[in-house]
Structure formats: structure tokens, C-alpha cells
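A quick write-up on the structure given underneath.
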Amino acid sequence: MATDENLPEPGDASPLIRIRSLLPGLARAEQRVANIVLADPASVARRSITEVAEAAGTSETTVTRFCKAIGVGGYPDLRIALAADTARTSSRDRDLGSDIGPDDDIGKIIEKVSYADAKAVEETADQLDSEILRRLVDAVAQARRIDVYGVGASAFVALDLQQKLHRIGLTCFAWSDTHNALTSAAVLRPGDVAVGISHTGATTETVEALQVAGKRGATTAALTNFARSPITEVADHVLTTAVRETTYRSGAMASRIGQLTVIDCLFIGVAQRHLDQTKSALEATYEAVGGHRLGSRPDRRRSGKEGA
């Protein structure tokens, strides 16, 4: 199962991405420190450790523990990282990255939603662990069969992966019903792959199905926004998204953008391993549905009824 060594490292990504990813797994006092940092990182970059501890209602020792928990050496390192991150963020970015207000007009809503979606893709890519992704690509490319589990909004992402892999000739099933997921997981075996998709990483149905798949010997992978959530404890490989939630953009809205980014990267990696098969399969499937596109059906062209 996944260990700290399997989890994404800070790398060059914003420290705020790491903090949001680890937030649910932090101790309660450390979460208060995290919320202070996330609320105004520029201010924290200028404040002393004593001031931050007082604002969070905790001790300087807890602030130091928080810094180590998110992968920075100590509070001075955190201040430097936050200052650098603030310097990279323009005032326009800060405005568009803010929550949608009740008085925002439709133009501002479009700006903020499109900015948030683009940022979710960018930040997910920045922190995505390429080595873990490569290992999962290897496993999926060689798998006898792939199961994908997801409920709610994650079910649509699971179906997207199933459709992509099935279209290039791989045996893949997406399950959103709990009983179907569990019964499918129960008949997996070594050489198979099971992927659990859960934004929170705490969806009981998805965690349970992935756990059953692992007990049957299948290689297991989790796709979640939180690197120390329950699903990571039953996964051999953990891939994370970097999605911010706001008042109007709950996990069900925002999570799919980052999840689909990771799914596309996984699919392309697998497709490369089966390049000839992929090309043949894509050509065959394109031809199979070609007659169902308006304007492309021979009988309509011959009959001269295009404008009917």
C-alpha cells in the first residue's frame, strides 16, 4: 500500500497546493495554522512565527510541526516559499482566483470560472508525480483487465477512462454501483488493475471496492485531491489533483477538471505502449460511427436531402 515515499513531493509547485492536499490529514491545531496560511499567504510571509501561532490559537512548536508536515524544513523556509509564490502571482490573478461574489456580473463569472478551470489543470500538472504515473501506465498497459471505481461526479470520470481504454482495445469496466463494483473487484486477480477515483479520498464505496481488489492481488491506484486520505491507504499508487473549492465550486464541480487531466495523461501513456494497436483501433472505431454524423451519411448525400 502507499507510503509517504509514494506520495507527491512539493517540487517546484506552490506550497499552497501541498497544504490544500494534506489539509484533511493534519492534526486539528495544524489545520488552524494551514487555514491562516491559505487565507492570506502574502501576510504570513511577512509575519513572525509567534504572530502566526497566536493567530491560529496554538504554539510555535505546532507551527514548526506544520511546516515539517507539509514538507518544508521550518518556518523560515515556509516564509521564503510563500514570498516567492506571492511574487509570481499578479494582482489580476489574485482577483480572478478569489471566490465568486454575489454581486459579480456574468462577465466576471465567466472570467473567474475559466481562470479556476485553467488553474486546476496547471496546478494539477505541476504537482503530478511523473514516476508514479509511469508505473501506473506500465501496469495498465500490461493488464489483463482494468476496473475503475467512482461514484457521484467521479463516476463520470471513471466512465471517461473506461471509454478511452475500451476504444483502443483494452478490457476495462467502470463501476458506480456499490454491489457491482464489489462483485467485480472480488473476481480480479494478479495482473489486473483497479483504479479508485475519489476527490475527497474518503468515499466509502470507492475505498471498499479498491480494498477488495487489492486483497485479490490486483494492482491498485487512487486518484484523489488529498494525499493522505483513506483511499491512499489501500492503493499501491497514488496520483493527486490540485483543485481549489469555493462557495459555488464544490468538489463535484471542480474535481472533474483536475481528474480528467490526469486521466488523459494516463490514457496517452498507455496508448503509446500499444501504438500500432491504438492506431488500428481508433481508425476502426472512427469508421464504425462515421455514418452516424449528420452530413456524412451516403444515403442522405445521394438523395439530396441535406437541407431537409
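Yes/no per residue for (1) of a type in the set (Phe, Trp, Tyr); (2) part of a loop (DSSP other than H, G, I, E, B); (3) under 16 Å from the mean Cα position of the chain (by Cα):
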site: Asp99; (1), (2), (3): no, yes, no
site: Asp103; (1), (2), (3): no, yes, no
site: Glu123; (1), (2), (3): no, no, yes
site: Ala141; (1), (2), (3): no, no, no
site: Leu159; (1), (2), (3): no, no, yes
site: Leu170; (1), (2), (3): no, yes, no
site: Leu182; (1), (2), (3): no, no, no
site: Ala185; (1), (2), (3): no, no, no
Within the stretch 160-169, restricting to residues that are over 20 Å from Ala235 (Cβ atoms) and not charged (D, E, K, R), the one that is surrounded by the most Cβ atoms within 10 Å (Cβ to Cβ) is Ile168
All positions within the stretch 174-211 that are touching a Ser or Thr at 6+ places or on another chain (Cβ under 9 Å), more than 20 Å from Leu260 (Cα to Cα) and surrounded by 15 or more Cβ atoms within 10 Å (Cβ to Cβ) | Thr178, Ala181, Asp192, Glu205, Glu208, Ala209, Gln211
Per the filter on the stretch 212-251, residues surrounded by fewer than 20 Cβ atoms within 10 Å (Cβ to Cβ), part of a loop (DSSP other than H, G, I, E, B) and modelled with pLDDT of 95 or more are Arg216, Gly217
Conditions (1) closer than 16 Å to Val262 by Cβ; (2) buried (at least 16 other Cβ atoms within 10 Å of the Cβ): number failed by Val151 = (1)
Any idea how many residues of the stretch 139-148 are open to solvent by less than 50 Å² (accessible area, probe 1.4 Å) and without any contact (Cβ under 8 Å) to a residue 60 or more places away in the chain?
-> 3
Just need a number here: residues in the stretch 21-80 that are open to solvent by 10 Å² or more (accessible area, probe 1.4 Å), hydrophobic (A, V, I, L, M, F, W, C) and in a helix (DSSP H, G or I).
-> 11
Quick check, is Val148 in a strand (DSSP E or B), of a type outside the set (Phe, Trp, Tyr) and at pLDDT 95 or above?
-> yes
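The values are calculated or read from the model by the stated rules, or taken from the named source; none is laboratory data. As the structure is a computational prediction, the values presented were derived from the model and not from experiment. Positions of Cβ are generated from backbone atoms using ideal geometry, with glycine treated the same way; all protein chains shown enter the neighbour counts. The area values use the complete protein model at the heavy-atom level, side chains included, leaving out ligands, DNA and RNA. Shrake-Rupley method; radii C 1.70, N 1.55, O 1.52, S 1.80 Å.
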